[in-house]
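S.K.: Have a look at this one.
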Amino acid sequence: MKAESMTPVVELKKVVKKFGPFTALNGVSLSVYPGEVHALLGDNGAGKSTLIKILSGVFRPTTGEILVDEQEVGFSSPRDSAAVGIGTVYQDLAMAPLMPVSRNFFLGRELYVGPRWLGILDDKKMEQIALDEMRKIGINLKSARQIVGTMSGGQRQTLAIARAIYFGAKVLILDEPTSALGQKQQLEVLKTIMRVRARGNIAIIFITHNEVHAQLTADRFTFLSLGEVIGQGTKADIAHDQIRHLMAGGVEMADLEQELAGIAGG
Amino acid sequence: MLKNLTSRPEAVVAATALALFLVFWGLIGEAWLNDLPSLLRDVSWLGIVAIGSAIVIVSGEFDLSVGSVYAFVSMIFLMLMQSGISPALAFLLSMALACSIGALSGYLVWRFKLPSLLLTLGFLFVYRGLVEWITEGFPLSIAEEIQSNWLLQLLGGKTLGLHNSIGICLVLVLFYAVAMTKARFGNHVHAVGDSEVAASANGIPVGLVKVKVFTIGAMLAGFAGVISAANLSSVSTTTASAMEFEAIAAVVIGGVSLLGGAGTVWGAVLGVFTLITLKHALILMGVNIFAYQIVLGVVLVGVVALKGVVPKLLAAEWVSK
């Protein structure tokens, strides 16, 4: 495996997160390598959201370490996380639907002509960069002035990803990027993920509960259930049927079938 | 360029306003042209207020207090001059007052997450009540000996037969049109009005943007009030009553989305032109002036009904082109 010889760009070591008496994460460790897609799978309540929020600086872990490029880091805000190159693309994508692509791309990080205090926007440059960056990961827009609300869900996802990469993300966290989309749009997003992967220098954490999407794209898997890692490994390590088993939170399919049959029969 | 212009809602309003103007010219004749300076003067006063209302509405909020602020600030302006303060200093103090009134509304809306519609409805009564209480219902006026002061002449006087306020309004429209479409300020106002969550997730200081828009709204309302006081040399308790609704009606007619995130200042001023044209035409045609309210209401209902047919997204696409 090529990754074995590389150093992880992000590493979690025995991360625990407690909310009062409730333990959301109970000693989770994982390593994410550049140029790889790391699928993070698990059912609702498995702790995926808590894990993302720790990586993106929203929550602080109760105990455990976060390492970025082998240096221990502590985030007190999402800004800190972004500063070390962790880009989080949330499900709502943080887009203003009535505004053009380029204005969304540079929202809060506008480019200016003339003195900065005047705040005159450099629309031409912002439009050019937005178009170029979108093109790099496979979306050809006619105009960067297109209103984001008129784009497809897949295109919007691509815009959010392109934006995160342009602003320095070396680790991209994608929070259920395919879950709210139709079949065709899901495919678009998977293609985008593979194009980003092909760049070789960006690590992707792909959160999903769709095992097919994970199998199609991921190099490495981590399965969470009730705050704990119940399975982890590379594509080669984990057999296909095992994935389905782990997705179900470790419940034996046979048991489940029997139980369901029992209900139907009763 | 031409195609872009015709696909904007503002272009429709401009064409409507022009058509109305020509129709009334035909109906009324020479008296219509003689009335033009005073028509444009009224457009400029309400127009200055509407610029502010448009910006506040694009940011996703409402300010119903602008009519009362207009009256309150112009009253203070007159009272300061009556107490012997020079017009220039009185002007600066009045503007500072207007700005603080707006900043207070904006701060309260942001800090306590208050619905601006209700908060500013409260302030509508507060400032109007202050005007009525302080003046005890009597009009205030500017002493004759200072009416020729340069600042009062600049704000309220005429140049080449046209009121200076028309030029002032045009400069403000230009300034705020650029600020809203080409500058960071407008970009952030649009973003906050479109999606507050997205704006704050991208590091836009939402609270500061809200304080700014309310400050500008109240400042422009107070400024228009001072200009009209300088022109009329008086203020009464009924000055600018219901003006906030006229301003909002004009803004809506001018293509600004009441849901926030879309609209232009020049659209709003074109909306003002349409309304004031109707108002003056009714007066000149000898129709009872109270009919204006009915016309205003009917036009507003018509525009809102029309907008219901056109999806919000389409309106946004127009704006961006």
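Rule-based calculations on the coordinates, nothing more; no lab input. Please read all numbers here as calculations on a predicted model, not as lab measurements. Cβ placement follows ideal geometry from the backbone for every residue including glycine, while neighbour counts extend to all protein chains displayed.
S.K.: Based on the alpha-carbon gyration tensor of chain B and its eigenvalue square roots a ≥ b ≥ c, which shape applies: rounded if a/c is under 1.5, prolate if not and a/b is larger than b/c, or oblate? Walk me through the numbers on the way to the answer.
M.R.: Details: a/c = 1.70, a/b = 1.12, b/c = 1.52.
Here chain B falls in the oblate category.
S.K.: Please name which of B:Leu39, B:Phe112, B:Asn202 has its Cα lying farthest along the dipole of the range B:2-320 towards the positive end, using unit charges on Cβ (Lys, Arg +1; Asp, Glu -1) and the Cα centre as origin.
M.R.: B:Asn202
S.K.: Report the full-extension gain for the segment B:Asn288 to B:Leu104: residue separation times 0.36 nm, less the Cα-Cα distance, to one decimal in nm.
M.R.: The B:Asn288-B:Leu104 span can extend by a further 62.3 nm.
S.K.: Per DSSP helix of 4 or more residues, -39500 (n - 2.57); summed, then divided by the residues of the protein assembly as shown. What does that give at 222 nm, rounded to the nearest 500?
M.R.: Per the formula, -18500 deg cm²/dmol.
S.K.: Something else about it: Only Lys, Arg, Asp and Glu count, each charged at its Cβ (+1, +1, -1, -1), so figure out the dipole size of the range A:1-104 about its Cα centre, rounded to 20 debye.
M.R.: Values: 10 positive and 10 negative charges, 76 e Å.
So the magnitude is around 360 debye.
S.K.: Could I ask something else about it? Mean separation of Cα pairs under 8 Å and 6+ residues apart, divided by the residue count of chain A: what relative contact order is that in percent?
M.R.: 26
S.K.: Using Cβ counts within 10 Å as a stand-in for footprinting exposure, how do A:Arg199, A:Arg145, B:Arg128 rank, fewest first? Walk me through the numbers on the way to the answer.
M.R.: On the way: A:Arg199 12, A:Arg145 17, B:Arg128 21.
Neighbour counts put them in this order, fewest first: A:Arg199, A:Arg145, B:Arg128.
S.K.: Sort the protein assembly as shown into rounded, prolate or oblate with this rule: let a ≥ b ≥ c be the square roots of the eigenvalues of the Cα gyration tensor; rounded if a/c is under 1.5, and if a/c is not under 1.5, prolate when a/b is larger than b/c, oblate otherwise.
M.R.: It is prolate, given that a/c is not under 1.5 and a/b is the larger ratio.
S.K.: Going down the list A:Lys13/A:Lys184; A:Lys48/B:Lys210; B:Lys158/B:Lys210; A:Lys48/A:Lys235; A:Lys14/A:Lys170, which pairs span over 28 Å between their C-alpha atoms?
M.R.: Result: A:Lys13/A:Lys184; A:Lys48/B:Lys210; B:Lys158/B:Lys210 exceed 28 Å.
S.K.: What whole number of Å gives the distance from the Cα centroid of the range B:255-275 to the Cα centroid of the range A:104-161?
M.R.: About 26 Å separates the Cα centre of the range A:104-161 from the one of the range B:255-275.
S.K.: Could you give the dipole magnitude of the range B:1-72 about its Cα centre, charging the beta-carbon of Lys and Arg +1 and that of Asp and Glu -1, in debye to the nearest 20? Intermediate values should be presented prior to the final figure.
M.R.: Working: 3 positive and 6 negative charges, 50 e Å.
Once rounded to the nearest 20, the dipole reads 240 debye.
S.K.: Looking at chain B, do any whole DSSP H helices span at least 27 angstrom along their long axis by alpha carbon and average 1.0 or above on Kyte-Doolittle, and which?
M.R.: Correct list, ordered by number: B:9-28, B:30-58, B:87-111, B:116-135, B:206-232, B:265-284, B:291-309.
S.K.: If a/c stays under 1.5 just call it rounded; otherwise compare a/b with b/c (prolate if a/b is bigger, oblate if not). Do that for the range A:1-138, with a ≥ b ≥ c from the square roots of the Cα gyration tensor eigenvalues.
M.R.: Numbers: a/c = 2.16, a/b = 1.81, b/c = 1.19.
Prolate is the answer for the range A:1-138, as a/c is 1.5 or above and a/b outweighs b/c.
S.K.: Name the residue farthest towards the positive end of the dipole of the range A:11-160 from the options A:Phe75, A:Gln155, A:His38, assuming +1 on Cβ of Lys and Arg, -1 on Cβ of Asp and Glu, about the Cα centre.
M.R.: A:Gln155
S.K.: Name the residue farthest towards the positive end of the dipole of the range B:2-320 from the options B:Val13, B:Ile283, B:Tyr70, assuming +1 on Cβ of Lys and Arg, -1 on Cβ of Asp and Glu, about the Cα centre.
M.R.: B:Val13
S.K.: Counting other beta carbons within 10 Å of each residue's own, what order do B:Leu89, A:Leu131 fall into, fewest first?
M.R.: The fewest-first ordering by Cβ neighbours comes to B:Leu89, A:Leu131.
S.K.: If the only charges are +1 at each Lys and Arg Cβ and -1 at each Asp and Glu Cβ, what is the size of the charge dipole of the range B:2-320 around the Cα centre, to the nearest 20 debye?
M.R.: Numbers: 14 positive and 15 negative charges, 159 e Å.
That gives a dipole near 760 debye.
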